[in-house]
Amino acid sequence: MRETVFTVEATPIVFGPGAAEEAGYHLRRLGVRRALFVSDRHVHEVGITERVRAAVAELGIETEVFARAHVEPTEESVLEAIAAAREGGFDGFVGAGGGSSIDTAKMAALFATHGGELLDYVNRPIGEGKAPPGPLLPVVAVPTTAGTGSEATAVAVLDLAIGVKTGISHRYLRPRLGIVDPLLTLSLPPAVTASCGLDVVCHAVESYTARPFTSREKTSPDERPPYQGANPVSDIWCRKAIEAGGTYLRRAVADGSDLEARTEMMLAATLAGIGFGNAGVHIPHACSYPVASLRHTWMPSGYPDPCPFVPHGLAVAVTAPAAFRFTEAALPERHREAARLLGGEDLAETFAELMRDVEAPTSLRTLGYDESDVPALVEGALRQQRVLVSSPREAGAADLEQILRQSL
């Protein structure tokens with residue numbers, strides 16, 4: 001019997017220029033008296049963490065800062081944050097930064113609330129995929145990039161020491177509140193803006209082209225997955241986010257002080273987060289995890305602490321044109337509509353054109369990969385079944401190999 005019911009869950013959002021100044025009010029409303037601020041070193045050093053922290057302190061809420069979240073969370077950095085969360089007697093958490101800081105705050109809250117070991121909750125087949133036994137201590141997300149939409153999702157991603165990028169996914173990980181302030185993104189360098197923005201567009205397009213929720217076998221409400229498939233409500237969010245990406249991403253990359261473009265991309269990131277947080281992403285995200293974790297030879301520009309790694313948005317986008325070419329046959333009308341919203345006619349080519357316009361890498365070779373890496377990339381993508389199941393066209397090993405070779 002096929003599914004007839006879908007669930008829409010969304011983080012309450014406080015949105016607009018200056019919204020971060022309201023952080024203390026909302027933490028107090030949630031009953032938080034002592035909060036751990038989770039951030040990365042760069043966000044802390046440029047003063048963003050302290051701006052939000054000062055607004056919180058004015059209302060008498062105690063705070064401590066953990067500013068050692070990695071731009072791409074590693075197992076080591078996550079375990080360090082978990083240790084700080086367990087030892088500090090906190091009753092609330094603030095993720096202030098990009099998706100990595102917010103995801104780290106989610107995991108810190110999970111283990112501060114319920115304990116356990118990291119692999120207890122990591123998605124199968126890598127971990128045990130256990131469901132948290134109950135709600136978490138409050139997490140308030142304050143994004144400083146227009147990218148992951150982590151303020152609206154029930155997922156936290158990390159790079160395990162065994163060389164696999166994976167995550168923890170459960171509705172209890174969705175933040176209690178998102179405070180989305182476009183002013184916090186004005187200083188982002190063009191390359192970072194481009195990477196984050198491409199992630200936004202991929203979130204929205206993948207969700208809009210995901211298999212419909214009615215294609216799944218019917219389950220009990222408790223077994224309903226976070227990624228349910230495309231549905232009428234997620235479609236609304238995703239269409240708006242795709243259109244905004246096609247209209248404003250180039251502007252935000254070209255002129256970081258363009259507040260209208262920054263505001264629209266920040267809104268698009270949150271809307272896409274709500275959309276894919278309920279519908280799901282598929283092949284580009286499945287491929288992105290091994291692309292980001294297998295090789296660390298490419299040096300991105302615009303990021304603090306220069307070191308070789310592949311930012312998440314670029315790891316997702318680099319296989320997207322080939323992936324959308326593969327899935328188009330399953331849902332041709334949706335692919336054409338996504339292309340139209342993005343400003344073109346052919347989805348794969350329109351997305352590739354956007355990548356070129358924002359000067360993002362357009363091939364795996366640019367990121368340091370060659371033909372010899374394809375088998376390992378296929379193996380890594382196949383491990384990401386939680387997202388591959390959302391693809392409108394089933395993708396096996398041979399299909400993924402074709403997509404990855406076309407992306408070289």
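Each value in this text was obtained by applying a stated rule to the coordinates, not by laboratory testing. Note that this is a predicted model, so its numbers are computed, not measured. All Cβ positions, even for glycine, are placed from backbone atoms using ideal geometry, and neighbour counts span all protein chains on display.
Some observations on this one:
- Ranked by the mean number of other Cβ atoms within 10 Å per residue, highest first, peptides 122-129, 240-247, 70-77 order as 240-247, 70-77, 122-129.
- Computed over neighbours whose Cβ is under 13 Å from that of GLY31, the net charge equals +4, Lys and Arg +1, Asp and Glu -1.
- Residues in region 383-400 carry Karplus couplings, in order, of 6, 8, 5, 4, 9, 4, 5, 8, 5, x, 10, 4, 10, x, 4, 5, 5, 5 Hz; the curve used is 6.51 cos²θ - 1.76 cosθ + 1.60 with θ = phi - 60°, and Gly or Pro positions show x.
- Remark on THR74: its backbone amide H falls under 5 Å from those of ASP159, a criterion applied only to residues 5 or more positions apart or on other chains, H modelled at 1.01 Å from N.
- Tensor-based shape of the chain (alpha-carbon gyration tensor, a/c under 1.5 rounded, otherwise prolate or oblate): rounded
- Size of charge dipole - the chain - debye, nearest 20, with Cβ of Lys, Arg +1 and Asp, Glu -1, no other charges: 800 debye
- The phi-based Karplus calculation (6.51 cos²θ - 1.76 cosθ + 1.60; θ = phi - 60°) puts the 3J(HN,Hα) values of region 108-123 at 4, 5, 4, 7, 5, 7, 10, x, x, 10, 4, 6, 4, 10, 4, 4 Hz, whole numbers, x for Gly and Pro.
- Amide H contacts of VAL14 (H built 1.01 Å from N, under 5 Å, at least 5 apart or other chain): GLY178, ILE179, VAL180
- Global geometry of region 188-406, whether rounded, prolate or oblate, following the gyration tensor of its Cα atoms and the 1.5 cut on a/c: oblate
- Three-way shape call for region 19-180 based on the alpha-carbon gyration tensor, with the a/c threshold at 1.5: prolate
- Counting other Cβ atoms within 10 Å as a rough exposure proxy, the listed residues VAL56, VAL142 run VAL56, VAL142 from fewest neighbours to most.
- Contact order relative to length of region 188-406, as percent, for alpha carbon pairs under 8 angstrom and 6 or more apart: 27 percent
- Distant-in-sequence amide H partners of THR63 (H built 1.01 Å from N, under 5 Å): ALA35
- Other residues lying with their Cβ under 13 Å from the Cβ of ALA269 contribute a combined charge of -2, Lys and Arg counting +1, Asp and Glu -1.
- Per residue of the chain, the DSSP helices (runs of n ≥ 4 H) give a summed -39500 (n - 2.57) that works out to -14000 deg cm²/dmol at 222 nm.
- Summarising the strand pairing of the chain, around 20 percent of its internal DSSP beta bridges are antiparallel.
- Principal-axis analysis of the Cα atoms of the chain puts helix 75-87 at an angle of about 30° to the longest axis.
- 3J(HN,Hα) along region 236-252: 4, 4, 5, 4, 4, 5, 4, 4, 5, x, x, 8, 10, 5, 4, 5, 5 Hz, from the Karplus curve 6.51 cos²θ - 1.76 cosθ + 1.60 with θ = phi - 60°, whole Hz, x for Gly and Pro.
- Positive-end residue of THR219, ALA352, GLY368, charge dipole of region 188-406 with Cβ unit charges: THR219
- Taking a Cβ cut-off of under 13 Å around TYR172, the surrounding Lys, Arg, Asp and Glu residues balance to a net charge of +3, with basic ones at +1 and acidic ones at -1.
- Look at the alpha carbon pairs under 8 Å that are at least 6 residues apart: their mean separation over the length of region 19-180 gives a relative contact order of 23 percent.
- Taking other C-beta atoms within 10 Å as the exposure proxy, ILE162, ILE236, ILE403, ILE48 rank ILE162, ILE236, ILE48, ILE403 from fewest upward.
- If both residues of a DSSP beta bridge must be in region 19-180, then about 25% of such bridges are antiparallel.
- A simple charge model with +1 on the Cβ of Lys and Arg, -1 on the Cβ of Asp and Glu and nothing else charged puts the dipole of region 236-372 at about 260 debye relative to its Cα centre.
- When HIS296, HIS203 are arranged by Cβ crowding within 10 Å, least crowded first, meaning fewest neighbours, the order is HIS296, HIS203.
- Length-normalised contact order for the chain - Cα pairs under 8 Å, 6+ apart - percent: 16 percent
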